[in-house]
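Participant: Following this message is one structure expressed as structure tokens.
The values are calculated or read from the model by the stated rules, or taken from the named source; none is laboratory data. Quantities reported herein were computed from a predicted structural model and do not represent experimental measurements. Every residue, glycine among them, receives a Cβ derived from its backbone with ideal geometry; neighbour counts consider all protein chains shown. Please note that ligands, DNA and RNA were not included when accessible areas were found on the heavy atoms of the full protein model with its side chains. Shrake-Rupley method; radii C 1.70, N 1.55, O 1.52, S 1.80 Å.
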Amino acid sequence: MVQLVQSRGYDGLDLDLEGFAYTDGRSTWSTTRPAWVAFVTQLGAELHARGKVLYATIPPTYNSDRASNSGYWVYDYAAIAPHVDRVRLMAYDFSVSRAGAIAPYDWVDRLGSYAVTQIPSRKVVLGIPAYGRDWVTGVTGTCPDGASTSRRSLTTAAAWDLAEREGATARWDPVTRERTFTYSEDFQQGEASCTVARVVHFSDASAIAERTQLAQRHQLGGVALW
């Protein structure tokens, strides 16, 4: 990895290793946690010795208890802090499998509040979503083959375009501080027909501005758009 940075003339690396959190399983975390710290420590030293930088993009952790309500505690915030130049918090994807906010404001605030107790605030970069998701909330009838009944991801621009095409109003949710709207799709082929109800949640310019102000309030080192 160090050789790659040097040979390509890169400024450094951004570690976005999410398999620990989402693939390996919680039972592995106690073993992975110190190994991750050792890896970051060594890599940071090698890069810094060559005038390069090391960032780490990591999922959210809520407290230091290493309990079921602690978030992804496999990523030891405090231990890696001295060895990285920035830590990018993945303050998004709150709702994935079920319909809901992408990054509800109070949740993002909670992440930022904890992070600065473990990492110098100037090193913390708040990850902000610039996208949305479109979930199915109900199906009436029998859908023909090929009817779209799965979750979709879409950019902020695509979400606005979809709302306009469907004649839907993307209302501002004062609690989550994001946009949301509903619409439906009709499918028919031969004897089969159905209506698919859908709901979209997405982050727009106002949502991004709210989270940028939150980053300023916590005196973070910056924001990163995903």
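Participant: Sorted by packing (mean other beta-carbon atoms within 10 Å per residue), highest first, where do 118-126, 34-42 land?
Facilitator: Ranking, from highest mean packing down: 118-126, 34-42.
Participant: What helices does the chain have that are whole DSSP H segments, at least 24 Å long along their own axis by Cα, and with mean Kyte-Doolittle hydropathy of 0.0 or more?
Facilitator: What comes out of the filter, once short or polar helices are dropped, is 29-48.
Participant: At a 1.4 Å probe radius, which order do 10, 77 fall into by accessible area, largest first?
Facilitator: Correct descending sequence by accessible area is 10, 77.
Participant: So which residue, out of 201, 48, 83, gets the largest mean-square fluctuation from a GNM of the chain using Cα contacts under 10 Å as springs?
Facilitator: Greatest mean-square fluctuation among the candidates belongs to 48.
Participant: Measuring with a 1.4 Å probe in the full set of protein chains, what accessible area per residue, in whole Å², belongs to the chain?
Facilitator: Accessible area per residue, the chain: 51 Å².
Participant: Which value, in debye to the nearest 20, describes the size of the charge dipole of the chain about its Cα centre when Lys and Arg Cβ atoms bear +1, Asp and Glu Cβ atoms bear -1, and nothing else is charged?
Facilitator: In total the dipole reaches around 780 debye.
Participant: The range 112-199: percent of C-alpha pairs farther apart than 16 Å?
Facilitator: Working: 2507 of 3828 pairs.
Beyond 16 Å sits 65 percent of the P(r) for the range 112-199.
Participant: How much of the accessible area of the range 23-182, probe 1.4 Å, is carbon plus sulfur, in whole percent?
Facilitator: Roughly 48 percent of what the probe reaches on the range 23-182 is carbon or sulfur.
Participant: What is the spin-label model distance, in nm, from residue 212 to residue 42 if the labels are put 7 Å beyond Cα along the C-beta direction?
Facilitator: Each label point is offset 7 Å from its Cα along the Cβ direction, giving 4.1 nm.
Participant: How big is the range 184-226 along each principal axis, measuring the range of its Cα positions in Å and listing the largest first?
Facilitator: 60, 15, 13
Participant: I would also like to ask the following. Using only C-alpha positions, report the orientation-averaged shadow area of the convex hull of the chain, nm², one decimal.
Facilitator: Taking the Cα atoms of the chain, their convex hull projects to 15.3 nm² on average.
Participant: From Cα pairs below 8 angstrom and at least 6 apart in sequence, can you work out the relative contact order of the chain, rounded to a whole percent?
Facilitator: Taking the mean separation of contacting Cα pairs over the length of the chain, I get 19 percent.
Participant: Determine the distance separating the Cα centre of the range 126-183 from the Cα centre of the range 60-85; give it in Å without decimals.
Facilitator: After rounding, the separation between the Cα centres reads 32 Å.
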